[in-house]
Amino acid sequence: MYSTVDAKLNYHETVRDLYRDAATRPADDLCCVAEKPRYLPGLVVPDIMHEMNYGCGSTVHLQDMRDDQRVLYVGVGGGLELLQLAYFARRPGAVIGVDPVAEMRDAAEKNLRLAAESNSWFDPSFVDIRDGDALNLPIENGSIDIAAQNCLFNIFDAPDLARALSEIYRVLRQRGRLVMSDPITPGVIPGHLSDDSRLRAMCLSGCLQLDEYLNFIVKAGFGAIEVRSRRPYRVLDATTYELSEDLLLETIEVAALRVPVPQDGPCIFTGRYAIYTGPEECYDDNNGHVLRRNLPVAVCDKTCKMLQSVAHMAVTESTWHYLGDGCC
């Protein structure tokens, strides 16, 4: 009899086979490889890194970067985001890359050596690439300031996703953050697609709905989540994928902070604003939120819900774009 354990082993091997192939021959149908990275002055990215950009967004955001941080990147790909992260943390071992596929680790190291030829500021020693995977990180507890993954966690089933998030939580310092980019789906992915191990490995059929995705992050212990971007990713057309209608997948970029989950629930920022328009100079809810008259303030969705019942208060819908500096 074919057991669920056998199925999981086969699935994990399918993922590794797919990325072994992608390490030796750039795969133009794997994630959003056509997306170009954000411009950084003085950074020259080798073409091969663009071709091996197996992600669905970016995990490199200026508001997260400091030169004294220790950064973890899970799933090294062609080394593009390792190089971008090293741009901000220019010291040996400041950026750690973890990947279970030897061929992918070798390709990333080769690409980083190539990058050193055209970036005088960069030394390959800035990046420490290690054998390991998201479910068992070879990293000590509480030693990481920023952890990142791009289009990896969406391929996991529920138990593995919970395990991967708990591992990230374990290695992060207090107030450290997990920065992610993953596809999401507006509805449940049909079983004939979600059970297809190759489609999951290709980041096409393992997507969660947004609320599910955020709930997994909160259950891992992250008390604040910022949704920084949300946009179209891929379409699963009805004919090819045997669906009743075309299914538009989206990609989101989020940052989850390792802070305690408040008793009244997590602070989830989706780019909503509150604006007090009353007669007083400001409104103070006596819960940490002070809003000056007529000036928009970014607040979490939980606070928006509370403020909707306040007189002279305008509350916007989600913009799915949040860059910090809110009042929560």
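Okay, here's what the table says:
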| item | result |
| --- | --- |
| Gaussian network model of the chain, Cα within-10 Å springs - most flexible of Leu307, Leu40, Leu165 | Leu40 |
| Hull shadow area, averaged, segment 80-131 [alpha-carbon convex hull, nm²] | 3.0 nm² |
| Candidate residues Lys110, Lys219, Lys302: accessible-area rank, largest first, probe 1.4 Å | Lys219, Lys110, Lys302 |
| More than 25 angstrom apart: percent of Cα pairs within segment 134-266 | 27 percent |
| Most to least packed among 222-232, 198-208 [average Cβ atoms within 10 Å] | 198-208, 222-232 |
| Cα coordinate range in segment 56-201, projected on the principal axes (Å, largest first) | 50, 34, 26 |
| Antiparallel DSSP beta bridges within the chain, percent to nearest 5 | 55 percent |
| For the chain, alpha-carbon Rg over 2.2 N^0.38 Å | 1.05 |
| Amide H contacts under 5 Å for Gly97, placed H, 5+ residues apart | Tyr73, Asp128, Ile129, Arg130 |
| Segment 208-328 - Kirkwood radius from inverse mean 1/r over Cα pairs (Å) | 16.0 Å |
| Count, lysine Cα pairs under 28 Å in the chain, 8 or more residues apart or across chains | 4 |
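The values are calculated or read from the model by the stated rules, or taken from the named source; none is laboratory data. Quantities reported herein were computed from a predicted structural model and do not represent experimental measurements. Note that we place each Cβ from the backbone using ideal geometry, even for glycine, and neighbour counts take in every protein chain shown. Note: areas computed on protein heavy atoms with side chains; ligands, DNA, RNA excluded. Shrake-Rupley method; radii C 1.70, N 1.55, O 1.52, S 1.80 Å.
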